[in-house]
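Notes follow once the structure below has been shown.
The values are calculated or read from the model by the stated rules, or taken from the named source; none is laboratory data. Keep in mind that what you see is a predicted model, and the values were worked out from it rather than measured. Neighbour counts run over all protein chains shown; Cβ positions are idealised from the backbone, glycine included.
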């Protein structure tokens, strides 16, 4: 609860500052030729000095991609994306990847400092969070690698993993989200540039939170990151991801793929605070956030938990999902999605129950303000073998103002008579009574909205790791600035 | 200088344009306790809302001066931070927001407004515990979300505790006795009395005299048809208890 | 999916051949527009979002023939239709059986006109309804139905009239005919009436109906439907409802027949203080596919909609529920509630449920829910602890679960009649169990 108060304090300190991550880092970049082609894919692969099998996989995806059409079923509208007008690779110029943090370009270090991300190991979150920093198309630094290595934990960029742990990457990459999965995921398979790789060996409880911080900097650049997390039998890891981008008038594409694999008795907790640049009040600029995130609970008693706080992006299209294969496996999805001004979000989850006694919980809180549209779209599917499967879904929508929209589109498919699925959804608004009560106790309208919305989201916010909770609560306040009054 | 000075206050419902307050005059000196009594629909609650600055009412005439300032010129949160506290008849529920957080937020808003240093979590906790103790209340309510699942008595006690922590100059108690059994009524009244000291004024709005058995007013006003019809000492309350509001409404209330 | 071949579609041919004789020119344009729209949309498959769970692909391969030119008279299967005493209107293969229609004995305030006659009225309710393009826009089966309207009636309830006796529309299908009944119902201001539809038949026919309902200001209309078609038949029904100020509309559909059925109701709540309800029960057994799809549009403030569907799926029966509530921006203070509950009684059964909210007004109270599951284990145990066998206990609970839904029917005699059909279905199920 202290955190909420701090949130408010920080919101106040920020004043009317709208998007404080909107600055541009002045750094020389190396780019691939503009546009999408086999040459560009070969260029990326060569830049990363990838083995032949990786390039082949990319090209296979590209071939398939050429046969696909952009999906149009989501409740979002945006100008067509010109794939030929995007740089698929942009990297800060450096001779070679820095061996230690001391070698990282000070301009980059400054950028992360400004973003509040500690890349120096002795800073605020020292010893608590290890960070992989991805800047445009490359990972520029990963902290605490040595300490993690002592536990057998591998935490590095995916590019390094392809070179240093090819057997693991080969085994798991594309095993949850196949290269042919969907338009944006397939595109990602062809052109992904960097991202994080995490491997937790059998029986290990990862000693610190792992975190990746994604930053888009260069103009006209798409970010296609790829993250792969494998938790072996009996292991545990909590992973956080954050994202920001400069304020630009153009739209930028972010099409990521995240794959999680949890073996027997393993648990992965994946948290996201998504704060890509949302565009301005009129809807100009902002990130198109088209992301495929999926986890496989492969082993018995495994658990995957997704928590997301989505406040940024002009358009969000994202359904972090769980495939519950192992008996007694558990999938969770906790989501807060805030849309203000002209933002659009179509987000939710898929819970696919395959194993016996599998359990899933979905808690979704959607907040719409301004002229924004916010859609929850979710699938709960019970296959015939999922004896005693259980799902509980709760979707609550909050509307602020009468120009926005809140939509709920659940799909429930059951083919097992012993399964139970429950879905509840409500829509409400912040009442005048609540606002007046807060005002009478001395709170300004913006503080009142922030505190009430944080209360509305509490069930989700409490799932966030402490280190991120404050940041997320603060974001909720900022995202809704100007939504009332 | 009077703490509150209401002159010829007229107010209407914004939507319907219906006039509810039809010329209220009332002056409260520091430290005084005034009671406003009246039948349902007389405009008592409207007066409390207009003073606190609730949306939906339009002041068409008159003035309100609070501690030397034009109260009607201030936003609702500014009025609160100036030291006007309204204890609600029906305190609203705010799901998911812990009472403790809410109250600390409120106190720090006020402190900031007055150019004081804000309290950190530890300092605040200490303060709340002290206040709760002085009111002989537990602080268990503070761990729960604001008013969510509170009984009627708990809601009112929570209002009194907030009042104690925020230390307002003027407390407006809007039908604080409604929905309370006799034990809860006594706890609330004890709380109010504990807060009643020199410099803190009270405006107690009530339909029944029974609350005034516990909170002794300096002045009693009878309100009907949007106007103060009669003013007097505490004996007026007893008179009303006996005769009802018939003299003022033309029918038994 | 656009389908160039659709004009050659045998379905369109089967329906198109059934054109009404002596219809005016404007009607010809209506049927042409229906054919063109169907040609453009094609037969829906599960790639069409609105038909995601009910693909009609298989229908393309079934051969249907048009109904006989003139009206037919067949025996009414009394045990299959709703057992109520009502004013009967009988359609055979989508053609009105005028020999059974005694227009002289109708109560005052009720007017029934054969569709063929109603078409002759210029600018009337019928013309208005049939020319409404939104009734076929994006709705392939309604378009197909419009291409080959076979017959029907116009039912008009005069202003302030209170028709106590239910009006009972009985649709009977035979053989492998494809037919497209079209009924137009107009409930005048402040009028009260009840319409019950019974859909029955024998054979592998295809009933593809469209019904237009207009409920004028302050009218009360009870609209109930028993879909008890032959188990080889296809049944697709579209009901368009338009509600005015302060109206009460209450719909209940009991679906237990047909091989494949879709009961779709699209309603526009175009007034304030409307009390709207759309409810139903569906019971599917071997090789049955029962789809209930509803769309409720709140266009004005201060109205209430309630929706409760309950289903049981036995053997390899499949149930589909799609419900959408749309609250338009002006429709503040809307109160909307929607619920689908389904019980799977067999390992081969399936339920697909998609309750949907689309909300553009902020001051509303809207909620929906869906549950899928089996019988309550505690209730089952309680009954067994009182000495009731598992088999009997289960059937008792299933019956209680289904009968509970009948409370939503506001006309008691209809609730009783529908209750009998639930009992029949359960008796059949018990007989099946005993035989196994």
Item to complete: Have a look at A:367, A:451, A:382 and point out the one that is more than 7 Å from every other protein chain (Cβ to nearest Cβ), buried (at least 22 other Cβ atoms within 10 Å of the Cβ), in contact (Cβ under 8 Å) with a residue 12 or more places away in the chain and over 30 Å from residue C:297 (Cα atoms).
Response: A:382
Worksheet item: Is there a residue being crowded, with 17+ Cβ neighbours inside 10 Å and assigned to a helix (DSSP H, G or I) anywhere in the range B:63-75?
Response: yes
Discussion item. Any residue that is in the same structural domain as residue C:20 (by TED's automatic domain parsing), within 18 Å of the chain's Cα centre (by Cα) and either within 22 Å of residue C:410 (Cα to Cα) or in contact (Cβ under 8 Å) with a residue 60 or more places away in the chain (or both) - is there at least one of those in the range C:94-117?
Written reply: yes
Discussion item. If I filter the range B:133-144 for residues that are part of a helix (DSSP H, G or I), within 9 Å of chain A (Cβ to nearest Cβ) and either touching a strand residue (DSSP E or B) at 6+ places or on another chain (Cβ under 6 Å) or surrounded by fewer than 22 Cβ atoms within 10 Å (Cβ to Cβ) (or both), do I get at least one hit?
Written reply: yes
Fill in: Yes/no for residue A:17 being within 14 Å of chain B (Cβ to nearest Cβ), out of contact with any strand residue (DSSP E or B) (no Cβ under 6 Å at 6 or more places or on another chain) and modelled with pLDDT under 75
no
Item to complete: Inspect all residues belonging to the range A:303-318 and state whether any of them is outside any strand (DSSP E or B), touching a residue at least 60 places away in the same chain (Cβ under 8 Å) and under 24 Å from residue A:178 (Cα atoms).
Response: no
Fill in: Hey, residue A:398 under 25 Å from residue C:358 (Cα atoms), in contact (Cβ under 8 Å) with a residue 24 or more places away in the chain and more than 7 Å from every other protein chain (Cβ to nearest Cβ) or not
yes
Worksheet item: Considering the range B:4-22 alone, what residues qualify as being surrounded by 16 or more Cβ atoms within 10 Å (Cβ to Cβ) and under 20 Å from the mean Cα position of the chain (by Cα)?
Response: B:4, B:5, B:6, B:9, B:10, B:11, B:20, B:21
Response to the item:
Of the conditions (1) surrounded by fewer than 12 Cβ atoms within 10 Å (Cβ to Cβ); (2) touching a helix residue (DSSP H, G or I) at 6+ places or on another chain (Cβ under 7 Å); (3) at pLDDT 90 or above, the single one that residue A:67 does not satisfy is (2)
Discussion item. Filter the range C:324-356 down to the residues that are buried (at least 24 other Cβ atoms within 10 Å of the Cβ) and within 11 Å of residue C:307 (Cα to Cα) and list them by number.
Written reply: C:325, C:336, C:338, C:340, C:355
Discussion item. With the requirement that a residue be under 28 Å from residue B:194 (Cβ atoms), modelled with pLDDT under 90 and in contact with a helix residue (DSSP H, G or I) (Cβ under 9 Å, 6 or more places away or on another chain), what does the range B:1-59 give you?
Written reply: B:38
Worksheet item: When you go through A:124, A:140 one by one, which is the residue that is modelled with pLDDT under 80, in contact with a strand residue (DSSP E or B) (Cβ under 7 Å, 6 or more places away or on another chain) and either crowded, with 21+ Cβ neighbours inside 10 Å or under 26 Å from residue A:25 (Cα atoms) (or both)?
Response: A:140
Worksheet item: For the range C:245-260, which residues satisfy the criterion of being crowded, with 21+ Cβ neighbours inside 10 Å and outside any strand (DSSP E or B)?
Response: C:247, C:256, C:257, C:258
Worksheet, complete the sentence: Here the residues within the range A:335-364 that are within 18 Å of the chain's Cα centre (by Cα) and either surrounded by fewer than 24 Cβ atoms within 10 Å (Cβ to Cβ) or not in a strand (DSSP E or B) (or both) are A:343, A:346, A:348, A:349, A:350, A:363
Fill in: Lone unmet requirement of (1) more than 8 Å from every other protein chain (Cβ to nearest Cβ); (2) farther than 17 Å from residue B:156 by Cα; (3) in contact with a strand residue (DSSP E or B) (Cβ under 6 Å, 6 or more places away or on another chain) for residue B:89
(2)
Response to the item:
Picked from the range C:21-56 (must be free of Cβ contacts under 8 Å to residues at least 12 places away in the same chain and outside any helix (DSSP H, G or I)), the residue nearest to the other protein chains (Cβ to nearest Cβ) is C:46
Worksheet item: Which residue pairs have Cβ atoms under 6 Å apart, sit 6 or more places apart or on different chains, and have a first residue in the range B:40-58 that is on the phi > 0 side of the Ramachandran plot and a second that is crowded, with 18+ Cβ neighbours inside 10 Å and in a helix (DSSP H, G or I)?
Response: B:53/B:76; B:53/B:79
Worksheet item: Going through the range A:475-485 one residue at a time, which ones are farther than 17 Å from residue A:439 by Cα and within 14 Å of chain B (Cβ to nearest Cβ)?
Response: A:476
Worksheet item: Right, residue C:55: surrounded by fewer than 18 Cβ atoms within 10 Å (Cβ to Cβ), modelled with pLDDT of 90 or more and either in the same structural domain as residue C:208 (by TED's automatic domain parsing) or out of contact with any helix residue (DSSP H, G or I) (no Cβ under 6 Å at 6 or more places or on another chain) (or both) or not?
Response: yes
Practice prompt. For the range A:419-427, state whether one or more residues are under 20 Å from residue B:97 (Cα atoms), in a strand (DSSP E or B) and within 9 Å of chain C (Cβ to nearest Cβ).
Written response: yes
Worksheet item: Tell me, which residue of the range A:429-446 that is closer than 13 Å to residue B:77 by Cα and more than 7 Å from chain B (Cβ to nearest Cβ) is surrounded by the fewest Cβ atoms within 10 Å (Cβ to Cβ)?
Response: A:445
Worksheet item: Is it the case that residue C:224 is surrounded by 22 or more Cβ atoms within 10 Å (Cβ to Cβ), touching a helix residue (DSSP H, G or I) at 6+ places or on another chain (Cβ under 8 Å) and either without any contact (Cβ under 8 Å) to a residue 60 or more places away in the chain or part of a strand (DSSP E or B) (or both)?
Response: yes
Worksheet item: From A:460, A:409, which residue is in contact (Cβ under 8 Å) with a residue 60 or more places away in the chain and in a helix (DSSP H, G or I)?
Response: A:460
Item to complete: Restricting attention to the range C:55-93, report how many residues are within 20 Å of the chain's Cα centre (by Cα) and over 19 Å from residue C:228 (Cα atoms).
Response: 4
Worksheet entry | One residue from A:61, A:46, A:3 being modelled with pLDDT of 90 or more, surrounded by 14 or more Cβ atoms within 10 Å (Cβ to Cβ) and assigned to a helix (DSSP H, G or I) | A:61
Worksheet item: Do we have residue C:98 as modelled with pLDDT of 90 or more and out of contact with any helix residue (DSSP H, G or I) (no Cβ under 7 Å at 6 or more places or on another chain) here?
Response: yes
Worksheet item: Got at least one residue in the range A:165-174 being under 26 Å from residue A:218 (Cβ atoms) and modelled with pLDDT under 95?
Response: no
